[in-house]
Each structure stands twice: as C-alpha cells, then as structure tokens.
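Please treat every number below as a calculation from the coordinates, not as lab data. This one's a predicted model, so the numbers in the text were calculated from it and none came from an experiment. Here Cβ is always computed from backbone atoms with ideal geometry, including for glycine, and neighbour counts include all displayed protein chains.
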C-alpha cells in the first residue's frame, strides 16, 4: 500500500470512533483514578464531532480543518482541545485527495505539532503524549514503503507508550496533585489515543 | 427546597440577562443569546474589548459593558465558562482591522474556551489578542501567575482598557497597558457563613459560625486558612499586609483600593473595612488616589468581600478617573 485516499482516511477515523466508543467506560474508569472520570465521554464526543465532518470531506486540507473546527466548537474540555489541535495541525500539512508515504509522514508530524501547541506535556508526564509522540515518531522514522507496515508500527509504539504510563507518576495538569497515588494505572488519554492508532492500523 | 427568587433553574442565566438588558436598554442589549453588547457599538477603527465568564457573579461581568468600558461580555451558565462556540460567535461579530482584546480571568474553563475560540478566529482572519488576569494571591506570594485565579481586579482593568480603547489606543498599546496593571494588582477574598449554588442548592462554601477564611475564591472554593472571626480592623490590617507584601508597596506609590462585597455584606461593614485598609495604606506612605466600596463581583449570598489593591501609574489613573463610562454598574464617575 503506497497511498491512502480520502476514502481510506474516512475508514480509519470511523474505525477509531467505533473502537473508542466500545471502550468508553474503561477510559472513564481510568480517568476516575486521578481525574474527574469523564475521559471516556469526552473522547467519544470529540471523535463523533471529528467523524461527522470527516465523512463529509472531499479534500484533505479542508476536511481536516472542518473537523478541527467541529471538535473545538461542538465540545468543550481539554480532550477536544487536544483532538482539535491534532486535526488542525494535520490540515496545515496536507492537501489533495490522496497522500503518499512522505505526505503521510508530514500529515502526522503536523498533527503532533498541532497538539504541542495546546499542551506543554512531554512524554513521561503520564498523558496522551506518551502514546501520540512515539506513534508519530514511528511513522516519521519508518523506512518501510508500505503504509500498512508503517501504521502497524505506529499502533505498536502507541500501545507500548500507553502501557508504560502504568509505572509513571502523573506530572501534568490536575492529576499531578495525586503524586505517587497515580502510579499503577494507565493514563486514560494515552490509552484512548493508543486505541485510535490501533484502529487506524486495523482499518487499512 | 428553593431558597432563592428564581423560576426554572436552567433558565436563570437567560432570564437574568433579559432582565438586565431590559432595565438598562439605553446602554446595553443582547446581540445573541448570552452575548451582551453596548447599545451603540463604537466605530470599527477602534479595538474591541471583550471578556467572558460564568453567570452567578452579578453585576460582573456584563454590568460593565457600556461606552468607555467593555464592548461585549460572553456569558456562560452559572459559574461555568461559555463554550468556545459562543465566544467564537462574539469574536465574529467584532471582527475588525484594529483587532479584539480578549480579557480572560484565569480559570481553566474560561482559558480553554478562549484558547480554542481565538485559535479558530485566527484561522479565519480575525485578529484577537488574549490578556489573562490573575490577581488572586491566596495561593501564596511566590505562586506563579499561571496558578493564580482571576478575581474582581479585572473590573478596574476593564475601565482602564475600555477608556483607552475608546480613545483610540492600538491593540499592542492596550495589551501593554493591561499587563502593566496586571503586574501591579493583587486581590484577596475573605468570607464567613455559607452560600449556595442557585441551580441545585448545593452548599458551595460552609464556614461554621464564628469562623472566617481569608483567601476565598469566587466559587466558594477555599484558598487560605480558617480562623476565628476577628474584628474589621484586624481583618483589614491582615489583608493589606499580605497584599502590600505581594505588591512590594513603598512610600510614594500611588494606589487604588476597592472593597468588593461578595453578596450579603452590608455597605456598613464594607465601609468600616475600607476605612482601616485606607489608613494602613496611608501609614505606609502610599497615596490612595481612587477608592470604591461596592458590589462589583459577587458570589451569590456569600458574606464576605474581596480587597483589591493596585499600584497605578499616571496612564492608569488617567483612564480610570478622567473618562466617563455609562456601563450600568460602573457607578464611580469622573474626577
């Protein structure tokens, strides 16, 4: 697989929405350990708003821009800020109706930069960044010429990153007040974003 | 059980804004649901000054929309930030070459909505600059600005910025003027008794009889420590000391002093507190150039007050005192 079309991309996001929705309660329960327990609801709402706009899209740049606006305007809270930033960042680094491997690398790198504009969280802080950054790095650094292989390595990197948050102490946002108590549970955001990258890979 | 003169709990914000804009129809109107604007908008070559925040703090923030003060206030539900969508609508209404100065009180929900709406506005060519207020000092004197809340110190700031914007200052000049004020203002709240959330009657702060707390936030959330109730003079002295230390006030400084009642504090009590606070400021050799005793930002029926002290320069004094505003609740008039 050397290219992805708008149609492929719609499948990726729809799969992610379905899989995240299926694990909604799990993400909320993880969030309840060191947060207000609403991450499942929040990420499902954000994905729903994203998919709504993506399904209508005909061209990458406009579609991702509309999806970013939809997520940021329809829903509130930090989850939608981050998801909105991801989509707007991807929009800034995409164009046309299909993407080759170099363009996909630019797309996800742009998405990561878009999220970095919203948060100062770094890998190791026990946030979604622990899944997103390794996933994007896996895509950018991959030497494969097959998109399926590239996205599979991203899914694995995201999953490993999310698993690694179990041993981390929360170091960001309100959760940092929990200190040592936050150790022993995976971060809800890292888990849901890892779920998204697994779904991307599965759908191709 | 209801304890307030309200109707359907979910209609509180809508109904209070309707009543407010009906009463002051010569000065303000609703442009859209929960978006309060001046009756007569100013010319587009001038910077628009907009703020946002939850309802339940009347007369703040919408009471300070009017000529010479805010152009617009975007209102959320009780104690809740308005969503990014509503704020984005307001920013679209005020799109102009001169730009929009968005004044945001440092509360996470407000900051988040403001961040999102300004980013989206930027993508569609609307020029927005955010100015964040963080005057609360209850989190400690060395606490970084990011962790300090925005309290009623925003109200004199609205007057300064509104007057300067109407006078034709550029967005960069306004931002600089506002930041200069933000660096020199400090606020501390104190409270006793209890107050309730009007929608669900939840008690949002509850201090036993005979106790007080210095460092109260504006949603009843505690900040400082509880202590036995002390006299007005002792309370004023303690609070001025903390505020003066934070501001590093020295003899010769020009200051403003505002006592803001938070809901059920009598003007009698506020005046007695003001007296001692002003005396202490004078004893420190500072000149109090502007004073107010009023309810400018309330917390339902909270018995308590916020003390706001700022060190001001000639620009601040000029825009505070020499320009008129017809905002319904800016009751202090020019010099």
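Before anything else, pin down the relative contact order of the stretch B:185-321: Cα pairs under 8 Å, at least 6 apart, normalised by residue count, whole percent.
Normalised by residue count, the contact order of the stretch B:185-321 is 32 percent.
Compute the distance in nm between two label points, each set 7 Å from the Cα along the Cα-to-Cβ direction, one at residue B:33 and one at residue A:144.
Taking the two extended label points, one gets 4.8 nm.
In nm², what is the average projected area of the convex hull enclosing the Cα atoms of the stretch B:101-251?
Directional mean of the projected Cα hull area for the stretch B:101-251 stands at 11.6 nm².
In Å and whole numbers, how far do the C-alpha atoms of the stretch A:42-166 stretch along each principal axis, longest first?
33, 32, 22
Report the Cα centroid-to-centroid distance between the stretch B:191-208 and the stretch B:18-44 in angstrom, as an integer.
31 Å
Using Cα-Cα distances under 8 Å and only pairs 6 or more residues apart, what relative contact order does the stretch A:1-117 have, in percent? Please report the intermediate quantities before stating the final value.
Working: 175 pairs, mean separation 28.8, N = 117.
Answer for the stretch A:1-117 is 25 percent.
Once both labels are modelled 7 Å past Cα along the beta-carbon direction, what's the residue B:139-residue B:43 spacing in nm?
4.2 nm
Would you mind computing Rg(Cα) / (2.2 N^0.38 Å) for the protein assembly as shown, counting N as its residues?
The value comes to 1.05.
Antiparallel DSSP bridges in the protein assembly as shown: what percent, to the nearest 5?
Percent antiparallel among DSSP bridges in the protein assembly as shown is about 55.
State the volume of the convex hull built on the alpha-carbon positions of chain B, expressed per residue in Å³ and rounded to an integer.
Cα convex hull per residue, to the nearest whole number: 120 Å³.
With the alpha-carbon atoms as the only input, what is the per residue convex hull volume for the stretch B:1-73 in Å³?
So the per-residue Cα hull volume is 87 Å³.
In degrees between 0 and 90, to the nearest 10, how far off the longest principal axis of chain A does helix A:39-56 point, with axes built from Cα atoms?
For helix A:39-56, the angle is close to 10 degrees.
Between the alpha-carbon centers of the stretch A:58-92 and the stretch A:160-204, tell me the distance in whole angstrom.
Here the answer is 22 Å between Cα centres.
Write down the percent of antiparallel bridges among all DSSP beta bridges whose residues are both part of the stretch B:9-182, to the nearest 5. Walk me through the intermediate numbers first.
On the way: 7 of 25 bridges.
Around 30 percent antiparallel, to the nearest 5.
Using Cα pairs closer than 8 Å and at least 6 residues apart in sequence, work out the relative contact order for chain B, in percent.
Values: 767 pairs, mean separation 59.9, N = 335.
Relative CO of chain B lands at 18 percent.
Stretched out fully, how many nm does the piece from residue B:8 to residue B:241 gain, at 0.36 nm a residue minus the Cα gap?
Details: separation 233, 0.36 × 233 = 83.88 nm, distance 4.42 nm.
Here the segment from residue B:8 to residue B:241 would lengthen by 79.5 nm.
Okay, helix-only estimate at 222 nm for chain B: each DSSP H run of n ≥ 4 adds -39500 (n - 2.57), divide by all residues, round to 500 deg cm²/dmol; what do you get?
Calculated at 222 nm, the ellipticity per residue is -10000 deg cm²/dmol.
Can you work out the FRET efficiency for the pair residue B:26 and residue A:29, with r the C-beta to C-beta distance and R0 = 41 Å, to the nearest 0.05?
On the way: r = 54 Å, r/R0 = 1.33.
For residue B:26 and residue A:29, the calculated efficiency is 0.15.
Hey, any idea what the orientation-averaged projected area of the convex hull of the stretch B:59-178's Cα atoms comes to, in nm²?
Mean projected area of the Cα convex hull: 7.4 nm².
Once the Cα gyration tensor of the stretch B:185-321 is found, what semi-axes does its equivalent ellipsoid get, as square roots of 5 times the eigenvalues, in whole Å, sorted largest first?
Numbers: eigenvalues 148, 50, 30 Å².
Ellipsoid semi-axes (Å, largest first): 27, 16, 12.
For the stretch A:1-96, compute the orientation-averaged projected area of the C-alpha convex hull (one quarter of its surface), in nm².
The orientation-averaged projected area of the Cα hull of the stretch A:1-96 comes to 6.3 nm².
Can you tell me the equivalent ellipsoid semi-axes for the stretch A:59-109? Use √(5λ) from the Cα gyration tensor, largest first, whole Å.
Ellipsoid half-lengths, sorted descending, are 22, 11, 5 Å.
Based on the Cβ-Cβ distance of residue B:124 and residue B:317, what FRET efficiency does E = 1/(1 + (r/R0)^6) give at R0 = 56 Å, to the nearest 0.05?
Here the calculated transfer efficiency is 0.90.
Restricting to bridges with both residues inside the stretch B:186-335, how much of the DSSP beta-bridge set is antiparallel, in percent to the nearest 5?
75 percent
Could you give the length gained by full extension between residue B:108 and residue B:251, i.e. 0.36 nm per residue of separation minus their alpha carbon distance, to one decimal place?
Details: separation 143, 0.36 × 143 = 51.48 nm, distance 3.65 nm.
Contour length minus Cα-Cα distance gives 47.8 nm.
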